[in-house]
1. Just to verify a number: FRET efficiency for E235 and T421, C-beta to C-beta distance, R0 = 51 Å, to 0.05?
2. Tell me, how many Å apart are the Cα centres for the range 577-603 and for the range 464-484?
3. Say each of D361 and R112 gets a label point 7 Å from the Cα, pointing the same way as Cα to Cβ; how far apart are those two points in nm?
4. Between the range 92-166 and the range 419-453, how far is it from one alpha carbon centroid to the other, in angstrom?
5. What is the packing order of peptides 746-754, 437-445, 608-616, taking the mean over residues of other C-beta atoms within 10 Å and listing the highest first?
6. I'd like the antiparallel share, as a percent to the nearest 5, of DSSP beta bridges with both residues in the chain.
7. Calculate, for the chain, the solvent-accessible area per residue in square angstrom, rolling a 1.4 angstrom probe over the heavy atoms of the protein chains.
8. Between A674 and E28, how many nm apart are label points set 7 Å from Cα along the C-beta direction?
Amino acid sequence: MPAAKPKRRSAVAARPRLELATEEAPFEFLESKIQVPTLRPGTISRTALVNRLRATTSTAVTTIVAPAGYGKTTLLSQWAARDARTFAWVTLDERDNDPIVLLRHIAAALMREERLDERVIDALNSPAPSLWSAAVPRLAAELSSRSPIVLVLDDFNVLTSRAALETVGALIDDEVEGSMLVASTRLSPNLPLAPLRASGRLLELGADALALSKREAQLLLRATGVSLSEARTDEQIEQCEGWAAALYLAALSIQDGDQTGRERSAFGGDDRYLVDYFHSEYLSRLRPGPLRFLRRTSILERMCGPLCDAVLDDEGSARELEKIERANLFLVPLDSKREWYRYHYLFRELLQRELSEIEPDLAPVLQGRAADWFEETGDDESALEHAFAAGDTDRAAAILTAIAFPLYYRGRIVTLEHWLTRFERAELLERYPAVALHGCRIHALRGRTEQAERWLEIAMHGTFKGKLPDGSRSIAPWIAVLKAWLCQSGAKQMLADAEVAVAGLPEGSDWLPSALVAQGVALVLLGENERADEVLASAATCAATHGSIETQIVAVAERALLAARRGDHDKAEELASEANQLVTTSGVDGAPARAIEHAATAQALLRRGRWNEARECVTAAQELLPYLTIAIPWLALQTRIELGHRFVTLRDAPAVEELLNEIDDMLPRIPGLAMLVADAKALRRDADAVPEPEGSAAGLTPAELRLLPLLATHLSFREIAQQLYVSRNTIKTQAISVYRKLGVSSRSEAIAEAHRLGLGEHLRVLISDKR
């Protein structure tokens, strides 16, 4: 019978939070995740392995890979207690797939020894942390300054996102001699370990190395109070193959048999048998009350007394947790206060299976209560997870819609995208158009044209009733914002959509800055420059108020380009400097904002004659162009046209030609942008006047050098285009340009000539298909 509806409690403030750091901490993290786990009394010492690890001083990375129950965490805790080196420990969980969360916890672990460099704190605590340009290199430098140090990442198998794995890889690349990164995991870590293995700087410990020796297994059995003959002990050890958890469960089985007078029998060693045994022989001997507590709280990844009280709609859970811990019933303390706990993974999985079999209708009720508790205590992400688990998509959609902008502003894009994928089915997107619109926005900003258009189309067919988080009573203004940004019907319709959005959005709406930018840009495209500047100024002010730095940068950069167009170069330089300062201080990673800012900044630099800095600026912008697609057509075209003019000034004809090819590929697919069509024609005229660079080898552009190694492969032009995120026509044009500059007529001849000209190094730099 399903449990009754949970009683609301008013004393929410008295509930403990998820081990959040104290107010003095420079950023939010979970304190329990950065503590070295406490060793339990009577734990078997793994002396040989610990000594081996202590003696390892020239290894950059150590991996400890074994299934659950092999004592990975225990071994690492013993090592940390006996080694003279400093240990920084992070117990990972799913949230660390967001690289910002991961880096903050690594930094917090370092803070346990001494304060961090202020530059590291600034990089991790900015409104939109810049992952690759600031956070990763600064934290890597901090790790290097602490050498020798051992960084332990426990439960590494939960890291599955490419961004998080690449972040760890970057830390490994910057590691200095004497320091070590340790990955403790159930599965082989997806890290670039081959070079380390080849150079002898990798130590790999697997299940065979972690298996208990005969002596260690005897000590474990003795510690449980089980007395066996030598022959029986050997048999038990052989059956369990050194797996500590299996041996321990076998000891419990024997112990229960002794207490109940049952005859001792052989114990199986495979996982299924262990689970079946635990279900039929161990849990069945618990009293109904404690067993019910275990079963129902198994829905929680982490638990504390007040949370369990709320989930069970009962009281006294803290005392029950204390009893379970004292009984050593697979409950792991997560902090020194013994406030937060988790179940052993295998134990929890078994309990969850019990719950689904015995009380299948209760799990959604329990998950809903957990969502209530987390939402009331301010942990919206945990509330969202439990709302999903409860099957309450209405609630999950409401929470996600409310936290989408705050997550984005804090640089938590990976986390946001993870949640959005839960709704990617068309029927869910149509049911929750507000979620679909947030997804459309993210897809557009990431350059994913097809997905952005699909999610917008579905949202337009969806229905919404009620009140949105920004106070809107209708979804129409939100739709109008994105219709304006995607600009599928030209500048006039873009302006009409933007004006609908601006008129319909409340003043405090997080969508308003984007609506104002769209309105200002549409006015620019229609030649109403004076009014456009006023609207873009309002957009910049509004974005700053809302903390939308990326939108603010676009607005300011657009004003800088507009000022230059009307000949007010002093104002253009002032605005370009402001946009550049915003990028520098905020560390924003968004490609659209940074690309248009680079174009405006390069223009100001060239006017001052700072050619080298300008070239660095436009080169950096070029690297962002694969993410600036016709998902946002006006910005993609405008940025390329502006960069083209910068390259004309730099007399880089090949770079201009490459941009013109991309522009020519885009223009036919975007109607109603007459001004940009005219600008593209003007760029073509200017480009035709730029002289060709002298020397065939020197004339290869960065894009052509990037193409060169792929010409040596079996890949077709279409396949190469897919790898480099450009069109087939762009690749074809680049290839023809390469042939002309090298004086050849085929791919094979181009490769041969490249070798002859000393370009062999470029031929060895192959591009990954996971680029």
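1. Calculated value: 0.55.
2. 29
3. According to this spin-label approximation, the distance is 4.6 nm.
4. Centre-to-centre (Cα) distance: 30 Å.
5. Ranking, from highest mean packing down: 437-445, 746-754, 608-616.
6. The antiparallel proportion sits near 20 percent.
7. Counting only protein heavy atoms, the per-residue value for the chain is 44 Å².
8. 5.0
The values are calculated or read from the model by the stated rules, or taken from the named source; none is laboratory data. Owing to the predicted nature of the structure, the values given are computational and were not obtained by experimental measurement. We place every Cβ from the backbone using ideal geometry, glycine too, and count neighbours over all the protein chains shown. The accessibility values were calculated without ligands, DNA or RNA, using every heavy atom of the protein model including side chains. Shrake-Rupley method; radii C 1.70, N 1.55, O 1.52, S 1.80 Å.
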